[in-house]
Amino acid sequence: MSILVDGNTRVLVQGMGRAGQQHTNLSLEYGTNVVGGVTPGRGGQELCGLPVYDCCRDAVRETGANASAIFVPPGGAADAILEAVDAGIELICAITEGVPVHDMLRVRAAMRDSDARLIGPNCPGLLDPVHKVRIGIAPYPIFRPGSVGVVSRSGTLTYEGVNQLTELGIGQTTCIGIGGDPIPGLSFVDVLELFQADPETRAVVMIGEIGGSAEEEAAEFVQSQMNKPVVCFVAGVTAPPGKRMGHAGAIISGGRGSADDKKKALEKAGIPVAESPALIGETLKQAAPGVS
Amino acid sequence: MNVHEYQAKGLLRDFGIEVPPGRMVTTPGEAEEIAADIGGAVVVKAQIHAGGRSKGGGIRLARTPEEARHVAEDIIGMQLVTPQTGPEGKRVQRIYVEGASEIDDELYLALLVDRATQNVAILASTEGGVEIEEVAAKTPKKILTVQIDPLVGICDYQARNLGLDLGLAPAQVNKFIGLVRNLYRLFMEKDCSLAEINPLILSGDNVIPLDCKLNFDDNALRRNPDVAQLRDPDEEDEREREAAEHDLSWVSLSGNIGCMVNGAGLAMATMDIIKQVGGEPANFLDVGGTADAERVGHAFRLILADPNVKGIFVNIFGGIVLCDLVAEGIVEAAKTLGVAVPVVVRLDGTNAEKGREILASSGLDITPASGMRDGAEKILAAVRQ
């Protein structure tokens, strides 16, 4: 088992530009069931050996797609997400970087009563090595099937963590980059809840960073709702303050946001925190001996 | 992106919010003229992108136009040090001359993007005129919060309830509702991430913004060209600005190990591990998802422009980035720029094998690293030699 995707996942790619095509080819190469692309104005064409449609509605009707990867430029990304929601796509991974924050406020408010799940934006997407489902941009050779779930706010740091696990002989169920933007779709807590409910996931690696309070909320959730080992790394201990967030942004969540505060909250909840980014895999191995 | 107080007040006026009369000037002579135009006492305020200006002597009262001239002479050109500027301070080039106000009481008001609830939130407090962080730490109950659904927008009753909770008189409540509505309109139309009025003063029946800080979403500047124009290059780190022109994300730091990394999380983690092994990073640099030879060249140029840099650590985990292209970029940059400091390169992920071969066969003195800890240790050893 994995979370969010399985053998029936049929992936649509929204935005078949250069990056969209490049990663469609890589996903196909990996064995993912990519069923088509959407680029307004290019309906009826064929790219990467797949049919291209003018809109999500037509693509879903013709291909039965139930997941999508969004490579649309930032100005159109919010529209693409809502189009996917409206077309009934259940899992949407928005890879696009640079989406205006207010666009995401509207998207998230519009999605409140929807069953669709959004990952991102500004994220590497999802990779499930068990079913060979790659939605997004992760480098698939470093993954191996196994029983550890990975959730991260950073793309390349996800790869770093996964690579360490794989080198230690520890495989993964599903790896999810939730993205580094202030208003994301799925949160750490949402993903942890799914990992907790998944019988095949036996331990979880969570990779956080400075800003916001997602790690603190995750710490509370792990302590009160989870019985699987969770380990964590928080990037940005040495980041200079004030460079990324306005002061009042930290106020509303009770003055939280620094890497030290996050580490304290996590450790207080009994979650081992890797001292160094080079020890993410090792920390998991110690916290969950025998998991592979 | 941040703007100056005088620019923020210009936007408040554009959105129908009443502020005291005032103008930005750059010479003592102009300060005197404006003070005479305004009439009565004025406040002369240094325009820099940092809070706590009055503590460093950057905000002073002048009772006559002549006094305004003298005060302006003191402030223009001064190196203003506040709790937010760092010990080196910031050079004042512009001042804002504003009519002085009678102050009955000082409040705090802010609109911001609330990450936890994914709404717009209003924060308000009766404790105005001091840092809101201080209020949050000492008396968190004195901070009032109102959540606004971005699809519904601000409702009058929400602003009214807030005004009543702040203890405003009936006439003040009505003015407050209008102000909050207009501030919300500004916040949404101009893609603000923070709109902070501190203090918001009570003066008779009026509620008047005395200071205002606006922060705009960089991702939305393309659709707000009028806001983008307010950027003040003097307020930005020269290399941060240059990096932004090449689509590189850069923060200058004070160490001697230059870093080039792909991805913000890995870039932060690279700084962390350099510190952990006992070194000091010279910069944070995310070369982004399309690191080709040209971008790598720009990145190297930026790093080498810092005279403190004694070595460079390249840490790349290729996903969307192709390691062989990065390697070609490094070889080209090293050859054309004549890099004289040691370079340690860690390549993993997409096309890493190919990338390592390109570096090994380049004939250049580049030290390969396996993993980020190994890389951090190797670059530290190299700069210590």
Criterion (at pLDDT below 95, touching a helix residue (DSSP H, G or I) at 6+ places or on another chain (Cβ under 9 Å) and of a type in the set (Val, Ile, Thr)) met by exactly one of B:314, B:296: B:296
When residues of region B:249-268 are limited to those that are touching a Ser or Thr at 6+ places or on another chain (Cβ under 8 Å) and part of a loop (DSSP other than H, G, I, E, B), the one surrounded by the most Cβ atoms within 10 Å (Cβ to Cβ): B:263
Qualifying position, being crowded, with 24+ Cβ neighbours inside 10 Å and touching a Gly at 6+ places or on another chain (Cβ under 6 Å), among A:195, A:143, A:188: A:195
Members of region A:219-252 found to be at pLDDT 95 or above, over 20 Å from residue A:147 (Cα atoms) and either assigned to a loop (DSSP other than H, G, I, E, B) or not aromatic (Phe, Trp, Tyr) (or both), listed by number: A:219, A:220, A:223, A:224
Single residue of B:65, B:28, B:21 found to be over 23 Å from the mean Cα position of the chain (by Cα), closer than 20 Å to residue B:214 by Cα and at pLDDT 95 or above: B:21
Any pair with Cβ under 6 angstrom, 6 or more apart, that starts in region A:208-230 at a residue that is at the interface with chain B (Cβ under 10 Å from one of its Cβ atoms) and ends at one that is in a helix (DSSP H, G or I) and modelled with pLDDT of 95 or more: A:214/A:188; A:217/A:189
Qualifying residue in region A:119-136 (condition: crowded, with 19+ Cβ neighbours inside 10 Å, in contact with a helix residue (DSSP H, G or I) (Cβ under 9 Å, 6 or more places away or on another chain) and free of Cβ contacts under 8 Å to residues at least 12 places away in the same chain): no
Which numbered condition residue B:87 fails, given (1) buried (at least 19 other Cβ atoms within 10 Å of the Cβ); (2) more than 9 Å from chain A (Cβ to nearest Cβ); (3) not acidic (Asp, Glu): (1)
Checking residue A:89 against (1) assigned to a loop (DSSP other than H, G, I, E, B); (2) at the interface with chain B (Cβ under 9 Å from one of its Cβ atoms); (3) touching a residue at least 40 places away in the same chain (Cβ under 8 Å), the condition it does not meet: (2)
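If I filter region A:73-80 for residues that are assigned to a loop (DSSP other than H, G, I, E, B), within 14 Å of chain B (Cβ to nearest Cβ) and farther than 21 Å from residue B:350 by Cβ, do I get at least one hit? Give the steps one after another, and end with the answer.
Within region A:73-80, the first condition is being assigned to a loop (DSSP other than H, G, I, E, B), and the residues that meet it are A:73.
Now narrow it down to the ones that are within 14 Å of chain B (Cβ to nearest Cβ): A:73.
The next check asks that each one be farther than 21 Å from residue B:350 by Cβ; those that pass are A:73.
So far as region A:73-80 goes, yes, one or more of its residues are assigned to a loop (DSSP other than H, G, I, E, B), within 14 Å of chain B (Cβ to nearest Cβ) and farther than 21 Å from residue B:350 by Cβ.
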Count - residues of region B:353-373 that are under 34 Å from the mean Cα position of the chain (by Cα) and of a type in the set (D, E, K, R): 1
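Having 1 or more residues that are under 31 Å from the mean Cα position of the chain (by Cα), of a type in the set (S, T, N, Q) and within 14 Å of chain A (Cβ to nearest Cβ) is the bar; report the strands (runs of 3 or more DSSP E) wholly within region B:272-352 that clear it. Spell out the reasoning first.
On the way: elements: B:283-286, B:311-318, B:343-349.
Result: B:283-286, B:311-318.
Quick check on region B:92-114. Is at least one of its residues under 21 Å from residue A:257 (Cα atoms), within 11 Å of another protein chain (Cβ to nearest Cβ), of a type in the set (Gly, Ala, Ser) and not in a strand (DSSP E or B)? Write out each step before concluding.
Just the residues of region B:92-114 that are under 21 Å from residue A:257 (Cα atoms), to begin with: B:110-114.
Among the residues that remain, those that are also within 11 Å of another protein chain (Cβ to nearest Cβ) are: B:110-114.
Next, from what is left, pick out any that are of a type in the set (Gly, Ala, Ser): B:110.
Next, from what is left, pick out any that are not in a strand (DSSP E or B): none.
Taking every residue of region B:92-114 in turn, none turns out to be under 21 Å from residue A:257 (Cα atoms), within 11 Å of another protein chain (Cβ to nearest Cβ), of a type in the set (Gly, Ala, Ser) and not in a strand (DSSP E or B).
The values are calculated or read from the model by the stated rules, or taken from the named source; none is laboratory data. These numbers come from a predicted model, not from an experiment. Virtual Cβ from ideal backbone geometry, glycine too; neighbours counted across all protein chains shown.
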